[in-house]
Amino acid sequence: MKNIDSKGHVTGKSIYLDDIPTIQGTLFGVIFDSPVAHGHIESIDYSKALALPGIQTILTSKEIPGENQIGGIFPDEELFAEEDVHFQGQPIALILAESEHIAFQARKLIEIKITEKEAIVDPREARKKNQLIFPPRTFSLGNTDSAWSQCAHIFEGQADTNGQEHLYIEMQGAYASPLENGNIRVSSSTQGPTAVQRTIAKVLGMGMHKIEVDVVRLGGGFGGKEDQATPWAVMAALGAHVLKKPVKVVLHRMDDMRMTGKRHPYSSDYKIGLHEDLKILAYEVIFHQNAGAAADLSPAVMERTLFHSTNSYFVPNVKATAYSCKTNLPPNTAFRGFGGPQGMFVIEAALVHAANELGISAHELQKKNLLQDGDEFPYGQIAADVGLTQIWSDMEAKFDIKGAEKRVSDFNSKNSDKKKGFSLQPIAFGISFTKTPMNQARALVHIYSDGSVGVSTGAVEMGQGVNTKMLQIAADMFSIDPSKVRLESTNTTRVANTSPTAASATADLNGKALQNACYALLTRLKKSAADHFGSAASDIQFKDEQVINSGKATDMTWNQLIDQAFLERVCLTENGHYATPIINFDKEKEKGHPFAYHVYGLALTEVTVDCIRGTYEFDSVKIVHDFGESMNLPVDIGQIEGGLVQGIGWMTMEELDYDKKGKLRSNSLSTYKIPDIYSVPKEVLIEALETEGAEQAILKSKAVGEPPLMYGLGAYFAIQNAVRAFNPDAQQTFDAPFTHEKVLMGLYQI
Ligand code: MTE
Ligand code: HPA
Ligand code: MOS
């Protein structure tokens with residue numbers, strides 16, 4: 001089935017937040033934010049701004065009726081800074097005006113006096129000063145201390161990854177309208193409607209029942225709207241509450257880039273020990289997560305870094321420690337992979353380091369150490385249905401690893417001003433929110449009396465195709481034409497207490513809740529049909545909108561049955577609930593079974609480096625991916641391609657740049673470059689691993705949202721190989737992104 005949104009998207013008819021018709025009397029909000037990364041506010045003079053014609057008011061913490069607090073995991077983040085500012089771009093006030101233009105003009109007239117304080121931007125410096133968001137955590141398996149003496153080879157080093165701007169096409173924003181009795185309705189571009197609802201209720205000092213949050217779709221989220229869509233929605237709601245007028249707050253690109261957090265940069269130290277036979281015996285790693293100025297989702301992100309610190313390898317002795325370091329950057333947040341990619345990069349760097357020192361290829365080491373069924377992860381879960389060995393041999397059979405190796409070395413021996421490099425990048429990504437209670441969802445299904453169906457779930461459509469998958473499930477369960485099913489907006493009054501659309505688990509969780517609702521409806525409908533035919537409910541089936549009795553077609557259609565059931569006063573509405581079974585995690589012991597299942601895969605990346613200019617082009621990326629049994633291959637392949645390119649961007653050209661005082665220098669699209677049609681690989685080939693799929697995946701179709709981003713890690717190591725082919729003396733550094741400048745330096749380093 002085609003993505004149900006494709007027509008709307010290409011004809012420009014799909015509705016986003018900014019397409020909602022403006023209600024008369026709407027006020028537009030622009031945020032006044034901190035010009036410095038750390039300081040004490042001495043005074044603010046709003047008088048000139050307030051005097052501007054068209055300005056309605058300026059809201060600060062003083063107007064907040066409830067708590068000036070938006071921290072989701074820890075209450076450590078003010079909506080509006082009161083006394084101190086902790087990052088450049090931190091909101092201080094909301095300017096409300098008749099037009100956005102006037103509000104922007106007013107912003108220039110606000111006079112603020114701040115005594116600057118020393119800003120910390122480096123996570124290692126924060127750790128030295130004991131500036132931690134929360135205490136460090138350690139995952140361990142076996143005993144590394146005693147394992148070192150058995151290692152034939154030990155290598156130590158540092159591996160760093162920079163942050164990444166989400167660059168969703170649709171900026172952050174929300175539109176709030178006051179309703180009767182002090183209730184408020186908010187349209188929000190958020191991955192977490194319930195988080196928005198809960199936080200508005202807290203800041204306004206009222207019950208969640210008074211706040212309705214509605215989401216039609218997002219023009220991309222990528223994690224950037226899991227938590228950080230909330231402040232703007234709270235501001236809009238605060239404006240609607242105080243002024244009793246509709247308030248719209250939509251960030252402009254540079255404001256969005258400056259004010260919001262990004263993927264966490266990490267700086268890490270590793271030590272890896274190998275046995276004579278090249279098996280990894282021990283691995284120690286210390287992660288320094290650059291959390292920014294408040295917790296946001298950093299604790300959960302850091303946890304996933306630890307979960308994925310050994311990626312797709314079995315290591316019998318592991319000690320992984322992570323520090324969440326408090327710096328004066330905007331609070332960093334969820335971004336596709338959620339800390340996993342940062343953890344994986346370090347062990348990949350350690351393996352490449354070891355391989356280079358030993359004079360072997362990294363993929364030999366990788367292959368030797370692939371996770372097998374029955375292996376224990378450092379967090380206690382036992383690996384099951386691991387597809388990695390099969391994936392590796394599929395890659396050899398379908399994409400000829402040896403051939404690629406030969407092609408690259410032949411090319412390199414014949415060319416002096418161009419060099420090719422290649423890499424293999426296996427992945428193992430755990431599916432489930434690592435916080436077990438979040439793994440639940442609900443769905444509300446109405447069968448209307450004409451036989452058409454309305455479906456609401458907690459899933460937010462943000463381009464990943466979840467609505468298409470939900471529609472497929474409902475149409476399939478009832479065996480009715482997809483055109484009979486409508487996917488409703490995501491709304492907190494229809495589906496309450498939702499987990500955010502995140503962790504790649506949305507289709508699994510909401511799809512299974514939807515199935516449960518459909519099962520319950522089918523049970524009632526089968527009874528109604530059985531009563532009519534004088535048969536047993538178990539004899540009734542539905543096929544192509546026709547009722548089947550004991551395997552034989554009847555003359556009763558789906559529509560007739562619904563009509564009959566309604567007249568019999570059968571309830572045609574159902575609420576389904578789903579909670580993932582089996583999973584658990586004990587944070588005291590740092591052990592458990594946190595993931596419903598893992599997604600596996602392998603990418604073979606080939607790159608050509610121009611050794612005169614330092615530029616590079618990706619010739620191809622060939623992927624063997626574990627889809628389970630994909631329920632919608634075109635949608636899933638779209639996710640693989642998008643995730644891959646986003647991962648390559650992070651590893652290569654996307655260069656997030658804060659200066660020493662914590663000021664964002666890469667603050668617009670002219671200074672922050674993301675992949676475009678010219679920089680994507682010339683060829684992307686995707687092969688599906690033949691498997692049975694996982695029972696806990698929706699229709700055995702495994703989650704696909706985040707895992708492919710980690711194929712992009714291979715880009716870094718492929719480039720590094722090409723650089724070393726040109727200049728064997730190039731220092732081996734692991735410091736992503738591998739920008740063209742860094743390539744040029746590496747090529748001519750002596
Ligand atoms: N794909 C598109 N087009 N837009 C997005 O914002 N977000 C990614 C991924 N794919 C995203 C996307 C992220 S971070 C996640 S967690 C998953 O989609 C969430 O959706 P899912 O759970 O339905 O896979
Ligand atoms: N993944 C993504 N988002 C999350 C998670 C997770 O494990 N936990 C909380 N938010
Ligand atoms: Mo995705 S980072 O879990 O929103």
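The values are calculated or read from the model by the stated rules, or taken from the named source; none is laboratory data. Owing to the predicted nature of the structure, the values given are computational and were not obtained by experimental measurement. With ideal geometry, Cβ positions are generated from the backbone for all residues, glycine too; neighbour counts draw on all protein chains shown. Just the protein is used for accessible areas: all its heavy atoms, side chains included, with ligands, DNA and RNA removed. Shrake-Rupley method; radii C 1.70, N 1.55, O 1.52, S 1.80 Å.
Observations on the model:
- Fully extending the segment from Asp410 to Asp122, taken as 0.36 nm per residue of separation minus the present Cα-Cα distance, adds 99.4 nm.
- Built amide H within the under 5 Å cut-off of Ser620, gap 5+: Glu606, Lys682, Glu683
- Whole-number percent relative contact order across the chain, with pairs defined as alpha carbons under 8 Å at least 6 apart: 14
- Sequence-distant aspartates and glutamates (8 or more away, or on other chains) whose Cα lies within less than 16 Å of Lys402: Glu364, Asp394, Asp410, Glu606
- Ranking Ser479, Ser670, Ser432 by solvent-accessible area of protein heavy atoms (1.4 Å probe, all protein chains present), from largest to smallest, gives Ser670, Ser479, Ser432.
- Between Gln150 and Leu685, the simple spin-label model (points 7 angstrom out along Cα→Cβ) gives 4.1 nm.
- Amide proton proximity set for Tyr313, modelled H, under 5 Å, gap of 5+: Leu371
- Gained length - Ser43 relative to Gln732, 0.36 nm times residue gap less alpha-carbon distance: 243.1 nm
- Region 361-470 - percent relative contact order, Cα under 8 Å, separation 6 or more: 12
- Rolling a 1.4 Å probe across the protein heavy atoms gives the chain an accessible surface of 38 Å² per residue.
- Local net charge near Gln131, Cβ-Cβ under 15 Å (Lys/Arg +1, Asp/Glu -1): +1
- Computed over protein heavy atoms with a 1.4 Å probe, the carbon and sulfur contribution to the accessible area of the chain reaches 51%.
- Residues whose placed amide H lies under 5 Å from that of Ala93, excluding near-sequence neighbours: Phe32
- Ordered from highest to lowest accessible area with the whole protein assembly present and a 1.4 Å probe, Met631, Met1 read as Met1, Met631.
- Computed from backbone phi, the HN-Hα couplings of region 352-359 come to 5, 4, 4, 4, 4, 5, 8, x Hz, rounded to whole numbers (Karplus: 6.51 cos²θ - 1.76 cosθ + 1.60, θ = phi - 60°; Gly and Pro given as x).
- Karplus 3J(HN,Hα) series, Hz, for region 394-402 with 6.51 cos²θ - 1.76 cosθ + 1.60 (x for Gly, Pro): 4, 4, 4, 6, 8, 10, 6, 4, 4
- Across region 673-686, computed HN-Hα scalar couplings (Karplus, 6.51 cos²θ - 1.76 cosθ + 1.60, θ = phi - 60°) run 9, 10, x, 10, 4, 7, 9, 6, x, 5, 9, 10, 10, 10 Hz from first to last residue, x flagging Gly and Pro.
- Computed helical MRE - 222 nm, the chain, DSSP H runs ≥ 4 contributing -39500 (n - 2.57), nearest 500: -9000 deg cm²/dmol
- Here is the list for region 658-711: GluC sites (Glu not before Pro) lying in DSSP coil, each with at most 13 other C-beta atoms within 10 angstrom of its C-beta, are Glu683, Glu690, Glu692, Glu695.
- Solvent exposure ordering (accessible area, 1.4 Å, most first) of Arg263, Arg665: Arg665, Arg263
- Relative contact order for region 440-579: 33 percent, from Cα pairs under 8 Å spaced at least 6 residues apart, divided by residue count.
- Distance violations [Cα-Cα > 32 Å] among Lys420/Lys591; Lys62/Lys663; Lys512/Lys682; Lys398/Lys587; Lys2/Lys526: Lys420/Lys591; Lys512/Lys682; Lys398/Lys587
- Length gained when the stretch Ala51-Glu741 is fully extended (0.36 nm per residue, less Cα-Cα span): 243.5 nm
- Local electrostatic count, Phe338, Cβ distance below 14 Å [Lys/Arg +1, Asp/Glu -1]: +1
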